[in-house]
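S.K.: Pasting in a structure now, in structure tokens, and then I'll have a few things to ask.
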Amino acid sequence: MKNIAVIGAGTMGNGIAHVFAMKGFSVSMIDIVPAALEKGLANITKNLDRMINKELITEAEKKETLGRIKTSTSIPEGVRDADLVIEAATENINLKLEIFKQLDQEAPAKALLATNTSSISITKMAAVTGRPDKVIGMHFMNPVPVMKLVEVIRGYATSDEVTKTIMDLSKTLGKVPVEVNDYPGFVANRILMPMINEAIYTLFEGVAGVQEIDTVMKLGMAHPMGPLQLADFIGLDVCLSILRVLHDGFGQPKYAPCPLLVNMVAAGKLGAKSGEGFYVYTPGSKDLVVSAFFR
Ligand code: NAD
């Protein structure tokens, strides 16, 4: 495996491009929004600089890594030579089904098609292609260059051989893969999202404030980040989409998204990426300031 195509240059897509390029793969990073490609490349550059400051890589390695990443706004052009495509576009089932139909037509017949979805059925995406045995979930964690886990999700028709290839490839990237089956939210988000949703309900019902809730979970449960800060970091739109998949998939009220989360997404308060969620984010500042809405 040599050529990797990544669909989407957002929070996850640029991180995935970064780790593959660091390990010597040729990466084609594709996004329909040119500004997202620019922002994605700028983020990779910033993260590589951070690694230089920590003396983890040299200036020459940074240059080589960036030299292995090309960008494109066209799926047909970007996936033409791919051995593996990793879809990391917005968490929306209809969008992903369209992308998988297109990937099946445009990527070489032998190419494996992976998705970084947080919750959507791998089996459904595989079913719109003519190669369901070659479709698999490769769920990286945020931030991709730092987090060790890759949740590898087998769809109904994913072959043993493809699963083994992706497990081995994850190890080549220095990650720890864990194989799971294809049910809504898989393992990671089936457990994480109800906790985040409950934290938002706790705020919504006035049990405690933003900082108080996060402090209880950080100091009381030894979580490195409180659930509200983590939700901001993941993206509140992404959290809402995942909760909807859990709610639809299991049909149980316990997964119903908190109305406060729904309102925040409707208001464009998406967390760190939009500059405001439960906290406000000022470029260049590391201070964690609670949004005026919750003060
Ligand atoms: P994001 O909103 O930061 O980025 C999504 C990108 O996809 C955008 O740049 C958008 O322009 C692009 N896009 C939309 N339609 C496209 C298309 N047709 N072709 C090419 N690009 C397209 O989202 P994200 O947080 O990076 O999430 C991407 C995927 O990764 C989602 O499936 C999400 O569930 C999953 N994921 C997210 C996290 C997280 O912490 N944010 C963690 C693990 C997995």
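S.K.: Only one of these is outside any strand (DSSP E or B), of a type in the set (V, I, T) and under 27 Å from D232 (Cβ atoms): V146, V162, V150. Name it.
M.R.: Selected residue: V146, the only one of V146, V162, V150 that is outside any strand (DSSP E or B), of a type in the set (V, I, T) and under 27 Å from D232 (Cβ atoms).
S.K.: Run down K63, K70, K110 and say which single residue is assigned by TED's automatic domain parsing to the domain that holds M138, within 22 Å of the chain's Cα centre (by Cα) and not hydroxyl-bearing (S, T, Y).
M.R.: Just one listed residue meets the conditions, K70.
S.K.: Now, a different point. Name the residues in segment 21-43 that are open to solvent by less than 10 Å² (accessible area, probe 1.4 Å) and touching a Leu at 6+ places or on another chain (Cβ under 7 Å), would you?
M.R.: Across segment 21-43, the qualifying residue is only M29.
S.K.: Of A256, A272, A292, which residue is touching a strand residue (DSSP E or B) at 6+ places or on another chain (Cβ under 9 Å) and farther than 16 Å from G209 by Cβ?
M.R.: Every option except A272 fails the conditions.
S.K.: Considering only segment 218-244, state which residues are open to solvent by less than 60 Å² (accessible area, probe 1.4 Å), in a helix (DSSP H, G or I) and in contact with a Phe, Trp or Tyr (Cβ under 9 Å, 6 or more places away or on another chain).
M.R.: L228, Q229, A231, D232, L236, L243
S.K.: Can you name the number of the only condition in (1) assigned by TED's automatic domain parsing to the domain that holds I16; (2) surrounded by fewer than 15 Cβ atoms within 10 Å (Cβ to Cβ) that A208 fails?
M.R.: A208 satisfies every listed condition except (1).
S.K.: Shifting gears a bit: Just one of N197, N263 is away from the ligand (no atom under 15 Å from the Cβ), free of Cβ contacts under 8 Å to residues at least 12 places away in the same chain and under 30 Å from S121 (Cβ atoms); which is it?
M.R.: N263
The values are calculated or read from the model by the stated rules, or taken from the named source; none is laboratory data. The shown structure was predicted, so the numbers you read here are calculated from the model rather than taken from an experiment. FYI the Cβ positions are ideal-geometry reconstructions off the backbone, even for glycines, and counts take in every protein chain you see. The area values use the complete protein model at the heavy-atom level, side chains included, leaving out ligands, DNA and RNA. Shrake-Rupley method; radii C 1.70, N 1.55, O 1.52, S 1.80 Å.
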